[in-house]
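Just so it is clear, none of the values below were taken in a lab; they were calculated from the coordinates. Everything quoted here is computed from the prediction, not taken from an experiment. Positions of Cβ are backbone-derived with ideal geometry, glycine not excepted, and every protein chain shown enters the neighbour counts.
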Amino acid sequence: MLNGVSKINKLKKVLKMQIVKSDYDLKYILKGGLVRSSASGKFEGNDYSSSVRISSSNIYDVVNEKTGFTDEVEQKVIFKIICPDNNTAGLVASAIKEKFRKGEEIPVEGGFPNDQRIITIANPVEYFLFDTKPANKADKKQ
């Protein structure tokens, strides 16, 4: 297992994009979904980093003007958390699955969905592993 400094340095190398100025924030609240861990590897000549993917969907009622029926429309997205290594991906996936099992919501920040409807989460992996969310810190002080 890597020490804290090595893990942080490795994580910085994995995250290729860093916000240097922010005029807006996109915040999501994860309430559930299918949680999967993905190991690093190569596919068709491309390198892929370890990650956790959460497949979630919302269902909307939309009136079909031609039939007069209110159709249910599902909008699917995948939230992706980039991890520094395979072991961390497993730990993050377990932590998220446990929170969902307890009925806890997980507020996260990310960008817009890409063409494959994948939203890359901006929160660091420690956010999911060590309960570093500000609300939890405030709760512990009381």
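Brief remarks follow.
- Selection within the stretch 33-56 - over 21 Å from P84 (Cα atoms) and surrounded by 15 or more Cβ atoms within 10 Å (Cβ to Cβ): G33, S56
- All positions within the stretch 31-89 that are acidic (D, E) and in contact with a strand residue (DSSP E or B) (Cβ under 9 Å, 6 or more places away or on another chain): D47, D61, D71, E72, E74
- Filtered residues of the stretch 27-47 (kept if among the hydroxyl-bearing types (S, T, Y) and out of contact with any Ser or Thr (no Cβ under 6 Å at 6 or more places or on another chain)): Y28, S37
- Between E104, E109, the distinction of being free of Cβ contacts under 8 Å to residues at least 24 places away in the same chain and within 20 Å of L129 (Cβ to Cβ) belongs to E104 only.
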